[in-house]
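Provided herewith is a single structure, encoded as structure tokens, for subsequent inquiry.
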């Protein structure tokens, strides 16, 4: 398409009805506004609209549809795929309102709100969201892809805790989507991604947490085989209240380490007892189980993994695993992972393996473990090396990986088909053809094409 300019009729007409701001190439702030959190992803968008409210979203969708343009919504851009060439990027950061109702145990969450902000509002009431490990991630985008985090073994996916969505459909009409008003779209938005509507806000259920404990422990990488064996032992018998992740980390210029990350819905003494087998592994770096595992403020859950908060360039891949075998997974964890920065095993199971009858599009996750691999990509040679290493993972995990992954773990270039069963994918694609035949709405990953 011909690049948009600030003097185009389309641009002028849309700007005239916006409360927010429209930017095109050459405008001050355009480059920053079009850059996602992952700096390795390029977004060659036609324009950026920093929307102020749902009316701005609706106006942008109507104008884009009339001009034959697609729109893509992002808050933080953590899940950006780069598949936005020629689109109008909706930046929802100003729509960051959060309102908690402690009596109903619900929260109304704007499209631009981060999980950290929602959690901060819920925690004083002894309530939690179903957030992931990184509080800076946008709550709505995470939920549209299913939402897999610390509390999922006990309470399932974040998507299955949504009561309603306030959204804009491909015609630019504002709609409220519930199990009653539009059961098909309600099903699809709960885990099916953002390819069918632009969500402006959502109402979610919150869960009570009487006590919460966690922390992290680290050992030299030479202890990887022992730790993997203990990880297998602990997770095989773990109650749904306990979530344990095991990471091999090789930071540039630092010794390789294996880190155990723990979150437990219960008190610290219970958590320590459940983790006692790790105390038998010698060589712990820093505090042991009794000192490192303690009470955690619900608002400080992000401290457990201390995920980076500043934008960075990286590449990643995830694979769901049937189990932890004595060959492929052990070989990966006991060998250097360079040029990758990290390999991480997450224990799943619990409520994830058996959703209720009214579950959303992602459905059950039967696999008991997820392997997540990440590498930095701040310069071309490193990015290429990391990419090649990630491409080899499925072959290395042959027979153990199912080649499925939760939608929020889809990497740029991966197909939505990797996230859904055949029946769910067919239903999602039928909805896309019926509801958005001109492909006006563009999610992080496309349901068609």
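Where Rh is the Kirkwood radius over the Cα pairs of region 219-322, the temperature 37 °C and the viscosity 0.692 mPa s, what D in µm²/s does Stokes-Einstein return? Could the numbers behind the result be given before it?
Working: Rh = 15.2 Å.
For the chosen part, D equals 216 µm²/s.
Okay, moving on. Given the Cα-Cα distance of residue 322 and residue 163 and 0.36 nm per residue of separation, how much length would full extension add, in nm? Provide the component values of the computation, followed by the final result.
Values: separation 159, 0.36 × 159 = 57.24 nm, distance 3.18 nm.
Here the answer is 54.1 nm.
Going highest first, how would you order 275-286, 307-318 by mean Cβ packing within 10 Å? Before the final figure, lay out each step's value.
Working: 275-286: 14.7, 307-318: 16.6.
Taking the mean over residues of other Cβ atoms within 10 Å, the ranking is 307-318, 275-286.
Determine the distance separating the Cα centre of region 235-265 from the Cα centre of region 101-123; give it in Å without decimals.
Region 235-265 and region 101-123 have Cα centres separated by 27 Å.
Would you mind classifying region 272-401 by shape? Square roots of the alpha carbon gyration tensor eigenvalues, ordered a ≥ b ≥ c; an a/c under 1.5 is rounded, otherwise it is prolate if a/b is larger than b/c and oblate if not.
Details: a/c = 1.38, a/b = 1.13, b/c = 1.23.
Judged from the Cα gyration tensor, region 272-401 comes out rounded (a/c under 1.5).
Also, I was wondering about something else. I'd like the orientation of helix 380-396 relative to the chain: the angle between its Cα long axis and the longest Cα principal axis, in ° from 0 to 90, rounded to 10.
60 degrees
Right, something else. Would you mind computing, in nm to one decimal, how far apart the modelled labels at residue 16 and residue 415 are, each placed 7 Å from Cα along Cα→Cβ?
4.5 nm
Just need the relative contact order of region 232-287 here, percent rounded to a whole number, with Cα pairs under 8 Å and 6+ apart. Before the final figure, lay out each step's value.
Numbers: 42 pairs, mean separation 17.4, N = 56.
Reported as a whole number, the value is 31 percent.
Also: Over the chain, what is the mean sequence separation of C-alpha contacts under 8 Å (at least six apart), divided by residue count, expressed as relative contact order in percent? Don't jump to the answer; show the numbers that get you there.
Values: 1049 pairs, mean separation 75.5, N = 449.
Reported as a whole number, the value is 17 percent.
Based on the Cα coordinates of the chain, what is the per residue volume of their convex hull in Å³? Mind showing how you got there, number by number?
Details: hull volume 61.4 nm³, N = 449.
Considering the Cα atoms of the chain, their hull volume per residue is 137 Å³.
Which Rg and Dmax, in Å, describe the Cα atoms of region 9-91?
11.8, 34
Considering only DSSP beta bridges whose two residues both sit in region 9-91, what percent are antiparallel, to the nearest 5? Could you put the intermediate results ahead of the total?
Working: 3 of 11 bridges.
Counting DSSP beta bridges with both partners in region 9-91, the antiparallel share is about 25 percent.
Classify region 149-292 from the C-alpha gyration tensor, please: rounded if a/c falls under 1.5, else prolate or oblate depending on whether a/b exceeds b/c.
Values: a/c = 3.43, a/b = 2.25, b/c = 1.52.
Prolate shape, in that a/c is at least 1.5 and a/b is the bigger ratio.
Classify region 342-449 as rounded, prolate or oblate, taking a ≥ b ≥ c as the square roots of the eigenvalues of its Cα gyration tensor: rounded when a/c is under 1.5, otherwise prolate if a/b is larger than b/c and oblate if not.
Numbers: a/c = 2.42, a/b = 1.26, b/c = 1.92.
Oblate, since a/c reaches 1.5 and b/c is not below a/b.
For the Cα atoms of the chain, what angle does the longest principal axis make with the long axis of helix 54-66, in degrees from 0 to 90, nearest 10?
Tilt relative to the chain: about 60 degrees.
How far is helix 422-435 tilted, in degrees, relative to the longest principal axis of the Cα atoms in the chain, given as a value from 0 to 90 rounded to the nearest 10?
20 degrees
Where a number appears in this text, it was derived from the coordinates with a stated rule and is not lab data. Model, not experiment: these values are computed from the prediction. So basically every Cβ, Gly included, is an ideal-geometry build from the backbone, and we count neighbours across all protein chains shown.
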